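Readers should treat all values here as calculations from the given coordinates under stated rules, not as data from a laboratory. Model, not experiment: these values are computed from the prediction. Every residue, glycine among them, receives a Cβ derived from its backbone with ideal geometry; neighbour counts consider all protein chains shown.
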Amino acid sequence: MRIFSIGGYNEVGKNMTAIDLGEDVIIFDCGLFLPPIVELEEADKVYNEKKLRQIGAVPSDDILDNFGLRGKVRAILPSHAHLDHIGALPFLSYRYNADIIGTPLQLRF
């Protein structure tokens, strides 16, 4: 088992952890880091993956590509429904052929 602390360990936001179990990888959380979003000028508030990556508002999950793990992700499990834990799901979850497993409140987002 390998644990990848992808985001949320140096800041409040961008929470993401990946657990490599060999053949399968489980991701816990996929959150936003809100300060860069708040600082955007009104005209620049374009919320897409590219822009959010540029300003450092979403976890840098490239490490999963670097280790060849992206195709092994089987599930994304948000721990709770705060934006710093689920806010990046609409922007990053498409990268994985994985179910998002959570409570009705978490999944309603």
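Candidates Asp61, Asp29: the one that is in contact with a His (Cβ under 9 Å, 6 or more places away or on another chain) and closer than 15 Å to Ile6 by Cβ is Asp29. Restricted to segment 1-101, the set of strands (runs of 3 or more DSSP E) holding at least 1 residues that are surrounded by fewer than 17 Cβ atoms within 10 Å (Cβ to Cβ) and among the basic types (Lys, Arg) comprises 2-7, 73-77. Residue pairs whose Cβ atoms lie under 7 Å apart, separated by 6 or more positions or on different chains, with the first residue in segment 64-76 and under 15 Å from Tyr94 (Cβ atoms) and the second basic (Lys, Arg), are Leu64/Arg70; Arg70/Arg95.
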